[in-house]
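Below is one structure, written out as structure tokens, with a few remarks after it.
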Amino acid sequence: DNTQRLLWLQKWNDMDKDGNNGLDAAEFREFFKMSDNMWSQRSFEFFNSDFNGAIPLRDFLRVSYTMLVFDRPMAYEFAFRLISRRGAGAFDPAFACIDKQDIFEFLATRYPRESHSSLHKKAMQIFLHIDDDGSG
């Protein structure tokens with residue numbers, strides 16, 4: 001439908017403030033009303049599949065469509081890439097892992113008033129819970 005296509009292009013023009021046909025990290029954060037932090041950067045990187053610093057409309061639509069259709073493997077991939085310090089790279093569920101330090105850093109950001117020892121304890125509890133085969 002041409003009307004729908006025109007609406008997408010008009011919205012894209014509103015989002016792409018500098019008109020270079022690609023959302024940079026600042027434009028991405030502004031559109032989604034996100035703070036400038038590691039979580040917004042990791043979310044940006046999820047859309048920026050070629051890691052060139054700008055998201056073209058084609059990639060924005062592809063990732064948006066993929067994320068809006070509930071898919072358990074895609075939800076796992078997004079969660080992994082958001083939490084893992086190495087999440088910007090390729091995701092392969094057979095080899096990718098989240099370690100205790102990833103969990104600690106997530107908790108430290110989420111609960112900044114907690115003591116480091118308390119956060120390490122919580123991180124270990126979560127890690128032991130998700131490490132169902134005991135492989136570490």
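Through the Karplus equation 6.51 cos²θ - 1.76 cosθ + 1.60, θ set to phi - 60°, convert the phi angles of the range 44-53 into ³J(HN,Hα) values in whole Hz; use x for Gly and Pro. Result, rounded to whole Hz: 4, 5, 5, 7, 7, 5, 9, 6, 9, x. Taking the inverse of the mean 1/r over every pair of distinct Cα atoms in the range 2-70 gives a Kirkwood hydrodynamic radius of 12.4 Å.
The stretch between residue 114 and residue 26 holds 28.7 nm of extra length on full extension. This uses 0.36 nm per residue minus the Cα-Cα distance. The H on the amide N of residue 55, modeled in the peptide plane, is under 5 Å from the matching H of 23, 24, each at least 5 residues off or on a different chain. When you count the other C-beta atoms within 10 angstrom of each residue and take the mean per peptide, 55-62, 18-25 line up highest first as 55-62, 18-25.
Length gained on full extension, residue 65 to residue 101, computed as 0.36 nm times the residue gap minus the Cα-Cα distance: 9.8 nm.
A short reminder: the numbers here are calculations on the coordinates, not readings from a lab. What you see is a predicted model, and the numbers here were worked out from it, not measured in a lab. Cβ atoms come from the backbone with ideal geometry, glycine included; neighbour counts cover every protein chain shown.
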